[in-house]
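Before any comments, here is the structure.
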Amino acid sequence: MIAIGCDHGGFELKEHIKKHLDEIGEEYKDYGTYSEESVDYPDCAAPVCRAIQDKTADKGILICGTGIGISIAANKHKGIRAALCSDVYSAKMTKQHNNANIICLGGRVTGRELAFMIVDTWLATEFEGGRHEARIEKIHKIESE
Ligand code: RB5
């Protein structure tokens, strides 16, 4: 299950992505925000990160205006590897190499159709493991310091 969330800057793109997920048959839960009224992106990242931490969801999509603030906030949560992507190659590599469990998008940066391709690519790509597993372990070690 995908946990999806956004701030006001990502609201419009989130609604389009939800429609796209419906069309491709991907299950998701919307953790808000639910309008274009101004909110704080760290508050929007937190419920999606918690859903992954408690295994309600196995992955997440977060969107703010640029994707930057919400990715910075998400990456402060233990066990979260949130990748801001604005191209398809990065979306593929961040699953293959970083096993990113959240993909972040900029609602004011990335067009709708490209955003769909980024999400689809990230969903379809498998983590390679091996040497990349050891690198992720090093990140987890930093988290516990
Ligand atoms: C909100 O105006 C904007 O700052 C936010 O959506 C995001 O782009 C922050 O990084």
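The values are calculated or read from the model by the stated rules, or taken from the named source; none is laboratory data. Remember, predicted model here, so these are calculated numbers, not experimental data. Please note: Cβ atoms are built from the backbone with ideal geometry, for glycine as well, and neighbour counts cover all protein chains shown. Please note that ligands, DNA and RNA were not included when accessible areas were found on the heavy atoms of the full protein model with its side chains. Shrake-Rupley method; radii C 1.70, N 1.55, O 1.52, S 1.80 Å.
Of note:
- For segment 1-16, filtered to residues that are among the small types (Gly, Ala, Ser) and in a helix (DSSP H, G or I), the residue that is surrounded by the fewest Cβ atoms within 10 Å (Cβ to Cβ) is 9.
- Residues of segment 73-129 satisfying the condition of being among the basic types (Lys, Arg), over 13 Å from the mean Cα position of the chain (by Cα) and in a loop (DSSP other than H, G, I, E, B): 76, 78, 108
- Residues that are within 20 Å of residue 43 (Cα to Cα) and either of a type in the set (Ser, Thr, Tyr) or more than 15 Å from the ligand (Cβ to nearest atom) (or both) within segment 1-14 comprise 2, 3, 4, listed in sequence order.
- Subset of segment 17-67 [in a loop (DSSP other than H, G, I, E, B), under 14 Å from residue 2 (Cβ atoms) and hydroxyl-bearing (Ser, Thr, Tyr)]: 31, 56
- Annotation for segment 54-69: at least one member residue is open to solvent by less than 10 Å² (accessible area, probe 1.4 Å) and either at pLDDT below 95 or more than 15 Å from the ligand (Cβ to nearest atom) (or both).
- For segment 126-138, the criterion of being within 22 Å of residue 29 (Cα to Cα) and in contact with an Asp or Glu (Cβ under 9 Å, 6 or more places away or on another chain) is met by no residue.
- Scope segment 34-45; condition under 15 Å from the mean Cα position of the chain (by Cα) and either buried (at least 18 other Cβ atoms within 10 Å of the Cβ) or in contact (Cβ under 8 Å) with a residue 60 or more places away in the chain (or both); matching residues: 41, 44, 45
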